[in-house]
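K.L.:
Quick one: structure below, then a few questions.
The values are calculated or read from the model by the stated rules, or taken from the named source; none is laboratory data. Please read all numbers here as calculations on a predicted model, not as lab measurements. Note: ideal-geometry Cβ built from the backbone for every residue, glycine included; neighbour counts use all protein chains shown. Protein only, heavy atoms only, side chains kept; ligands, DNA and RNA dropped before computing areas. Shrake-Rupley method; radii C 1.70, N 1.55, O 1.52, S 1.80 Å.
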Amino acid sequence: MVLLDIQEKRSIRPTFSTKRVHGGTLLAMCSNDFVCFYDWVECRFIRQIDVNVKNLYWADSGDLVAIGSETSFYILKFNRDLVSTYLDSGRPVDEEGVEDAFELLYEINERVRTGLWILMRNIPAFSVARFLESRGMVEDALEVATDPDYRFDLAIQLGKLEVAKEIAIGSESESKWKQLGELAMSTGMVFFRP
């Protein structure tokens, strides 16, 4: 039931036993085995995600949600524009909900006891990259890293020869060219120093 100005406007009558309810961009109603998301204004069913939810945290931007289970947590992107377009079309929503309402960005096999979204622009990119690398998310670390030496090390670790080569060209470091040459030879590729 959603109350506006202390008057009932709409109600939701789930077909399952609701164990927990979470607010945020969407209303989240959790059973033991899944969570169902509903929009606040019309109480329309948006999507069911099959996970036993322990905690749920929406980012202030409203487009990211972290769902914590007993053993893992998931970062999902809420595709607000896609959902709005679908609902505005008047097409009926089936028991699965709007198909691409959420996109799984990350699944991390660690338990979250509490959560708080922070703005990444307030944290140095180097710290974010180091954190991602420590979690085994080396490709993501390479994406956000800005320090050329650190990016080179990550590129070598991932075997991304072209990225490492571009960094080596910019640095003119003999040790970088040696590392790059050794990696290139081990993979059967040959690079010539410009």
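K.L.:
Being touching a residue at least 24 places away in the same chain (Cβ under 8 Å) and of a type outside the set (A, V, I, L, M, F, W, C) is the filter here, so list the residues in the range 160-172 that pass it.
P.N.:
Matches in the range 160-172: Lys165 only.
K.L.:
Let me ask something additional. So which residues in the range 154-175 are more than 15 Å from Met137 (Cα to Cα) and touching a Ser or Thr at 6+ places or on another chain (Cβ under 8 Å), if there are any at all?
P.N.:
Once the filter is applied, which keeps residues that are more than 15 Å from Met137 (Cα to Cα) and touching a Ser or Thr at 6+ places or on another chain (Cβ under 8 Å), the range 154-175 yields only Leu161.
K.L.:
Could you list all residues from the range 75-124 that are in contact (Cβ under 8 Å) with a residue 60 or more places away in the chain and assigned to a loop (DSSP other than H, G, I, E, B)?
P.N.:
Ala101, Gly115, Trp117
K.L.:
Right, here's the next one. Just to be sure I understand, how many residues within the range 144-160 are at pLDDT 90 or above and in a helix (DSSP H, G or I)?
P.N.:
Result for the range 144-160: 11.
K.L.:
For the subset of the range 66-94 comprising residues that are more than 14 Å from Leu26 (Cα to Cα) and among the charged types (D, E, K, R), which member is modelled with the lowest pLDDT?
P.N.:
Asp94
K.L.:
Among all residue pairs at least 6 apart or on different chains, which show Cβ distances below 7 Å where the first residue, located in the range 146-159, is surrounded by fewer than 18 Cβ atoms within 10 Å (Cβ to Cβ) and the second is in a loop (DSSP other than H, G, I, E, B)?
P.N.:
Once the first residue is surrounded by fewer than 18 Cβ atoms within 10 Å (Cβ to Cβ) and sits in the range 146-159, its partners that are in a loop (DSSP other than H, G, I, E, B) give Gly159/Thr187.
K.L.:
Is there a residue being free of Cβ contacts under 8 Å to residues at least 40 places away in the same chain, open to solvent by 70 Å² or more (accessible area, probe 1.4 Å), out of contact with any Phe, Trp or Tyr (no Cβ under 7 Å at 6 or more places or on another chain) and not aromatic (Phe, Trp, Tyr) anywhere in the range 26-39?
P.N.:
Among the residues of the range 26-39, at least one is free of Cβ contacts under 8 Å to residues at least 40 places away in the same chain, open to solvent by 70 Å² or more (accessible area, probe 1.4 Å), out of contact with any Phe, Trp or Tyr (no Cβ under 7 Å at 6 or more places or on another chain) and not aromatic (Phe, Trp, Tyr), which makes the answer yes.
K.L.:
Can you confirm whether the range 2-10 contains a residue that is open to solvent by 30 Å² or more (accessible area, probe 1.4 Å), in a loop (DSSP other than H, G, I, E, B) and in contact (Cβ under 8 Å) with a residue 24 or more places away in the chain?
P.N.:
No: zero hits.
K.L.:
Hey, another quick one. Which condition from (1) assigned to a loop (DSSP other than H, G, I, E, B); (2) surrounded by 12 or more Cβ atoms within 10 Å (Cβ to Cβ); (3) among the small types (Gly, Ala, Ser) is the one that Ser61 breaks?
P.N.:
(2)
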